[in-house]
Ligand SMILES: [Zn+2]
């Protein structure tokens, strides 16, 4: 059992510098060999052109264009980057995924079209974008982005949402995280009610501040398809699926799969589903299987083993705060190994 003090030192060291040794003396190659049977499937969200101002990254899921470009080059140099469906199919067949990697983007942000696609095109690498079909082509943000955009930009210093006070004058990110945590635990009706209350109180967000949250329309999607992207299903409205009543699950699983299939002319059996927020249970998993889709992605922050569950495959989450060393640690599976032992 590791003592709390040792764990704290390990955590601080990891967070401040990653393990810089990894990048030296062939550490990456050495560590990679330990889990060579597994494939990293990377999970991105927005890719933001910050022009060096990292303050423009509004949340931890976003990465800046320069980091993204370095990560993609690194992947290309060390892996065979393939379509996600190839990895899922191989896992279904219990075939090797050694040496493979795949790139995925959740939610379908316009910034992926604007900033990530040109880089992937330059290296001729494929990627998969998971679409929230109810929001494609609408000038609307996803519910969690509405929450963030409004709380981040409101002039209020205090806000009461559903009888709970949140202070926005100090660490605004802390308040945003607290609201988000609460909204993820309540039932969907309460969540919608609280989001409406929050937006009403916080007031309008200037269009300029909604930029990082904008989503692609079908026109951008069609254009990306021509450049080697493919598209998966990320529900109709991005709810936590474990909170959706069984009789309504088809609205968030079957219906959006049909939309993607019809709009893009891809057979349902070739589509991959992606659980919003990695949230699933047996009911949800079985519903996805019943549609006949190829497989489904969870989050888990782990590299994908060849004997994984094709309907709950793990991915490595790439966040704003990853240093280069931390990125390397994540894609060889060291981060998840450490996380099981140390609270990093
Ligand atoms: Zn999502």
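State yes or no: is residue 101 under 19 Å from residue 302 (Cβ atoms), in contact with a helix residue (DSSP H, G or I) (Cβ under 8 Å, 6 or more places away or on another chain) and either within 16 Å of the ligand (Cβ to nearest atom) or assigned by TED's automatic domain parsing to the domain that holds residue 228 (or both)? Yes; evaluated as a whole, the condition is true for this residue. Applying the condition of being touching a helix residue (DSSP H, G or I) at 6+ places or on another chain (Cβ under 9 Å) and in a helix (DSSP H, G or I) to segment 238-247 and asking which residue is farthest from the ligand (Cβ to nearest atom) yields 246.
Within the group 315, 287, 283, 320, which residue is assigned by TED's automatic domain parsing to the domain that holds residue 76, under 28 Å from residue 186 (Cα atoms), within 21 Å of the chain's Cα centre (by Cα) and not in a loop (DSSP other than H, G, I, E, B)? Only one candidate qualifies: 315. If the condition is being more than 16 Å from the ligand (Cβ to nearest atom), within 18 Å of residue 70 (Cβ to Cβ) and touching a residue at least 24 places away in the same chain (Cβ under 8 Å), then segment 117-138 contributes 117, 119, 120, 121, 123, 124, 125.
Considering only segment 218-237, how many residues are in contact with a strand residue (DSSP E or B) (Cβ under 7 Å, 6 or more places away or on another chain) and within 15 Å of the ligand (Cβ to nearest atom)? Number of matching residues: 4. Of the residues in segment 54-66, at least one is in a helix (DSSP H, G or I), farther than 30 Å from residue 307 by Cβ and touching a helix residue (DSSP H, G or I) at 6+ places or on another chain (Cβ under 7 Å).
When you go through 239, 256, 212 one by one, which is the residue that is within 19 Å of the chain's Cα centre (by Cα) and within 18 Å of residue 85 (Cβ to Cβ)? Let's see the steps before the verdict.
Working: 239 fails: within 18 Å of residue 85 (Cβ to Cβ); 212 fails: within 18 Å of residue 85 (Cβ to Cβ).
None of the other options fit; the residue is 256.
Just to be sure before I move on: is residue 277 closer than 22 Å to residue 184 by Cα and within 16 Å of the ligand (Cβ to nearest atom) in the structure I sent? Yes. If I ask for residues that are assigned to a loop (DSSP other than H, G, I, E, B) and within 16 Å of the ligand (Cβ to nearest atom), which ones from segment 290-310 would you list? Within segment 290-310, just 301 meets the criteria. From the list 131, 110, 120, the lone residue that is assigned by TED's automatic domain parsing to the domain that holds residue 251, surrounded by fewer than 18 Cβ atoms within 10 Å (Cβ to Cβ) and in contact with a strand residue (DSSP E or B) (Cβ under 7 Å, 6 or more places away or on another chain) is 110.
Against the numbered list (1) away from the ligand (no atom under 16 Å from the Cβ); (2) in contact with a strand residue (DSSP E or B) (Cβ under 8 Å, 6 or more places away or on another chain), residue 268 comes up short only at (2). When 183, 194, 151, 156 are checked against the criterion of being in a loop (DSSP other than H, G, I, E, B), surrounded by 14 or more Cβ atoms within 10 Å (Cβ to Cβ) and not assigned by TED's automatic domain parsing to the domain that holds residue 55, 156 stands alone in meeting it. Annotation: residue 141 fulfils all but one of (1) touching a residue at least 24 places away in the same chain (Cβ under 8 Å); (2) in a loop (DSSP other than H, G, I, E, B); (3) more than 16 Å from the ligand (Cβ to nearest atom); the unmet one is (3).
Report whether or not residue 215 is surrounded by 14 or more Cβ atoms within 10 Å (Cβ to Cβ), touching a strand residue (DSSP E or B) at 6+ places or on another chain (Cβ under 7 Å) and free of Cβ contacts under 8 Å to residues at least 40 places away in the same chain. Considered against the rule, which asks whether it is surrounded by 14 or more Cβ atoms within 10 Å (Cβ to Cβ), touching a strand residue (DSSP E or B) at 6+ places or on another chain (Cβ under 7 Å) and free of Cβ contacts under 8 Å to residues at least 40 places away in the same chain, residue 215 comes out as no.
The values are calculated or read from the model by the stated rules, or taken from the named source; none is laboratory data. If you're wondering where the values come from, they're calculated on a predicted model, not measured in any experiment. Glycine also receives a Cβ, built like all others from the backbone with ideal geometry; neighbour counts cover every protein chain displayed.
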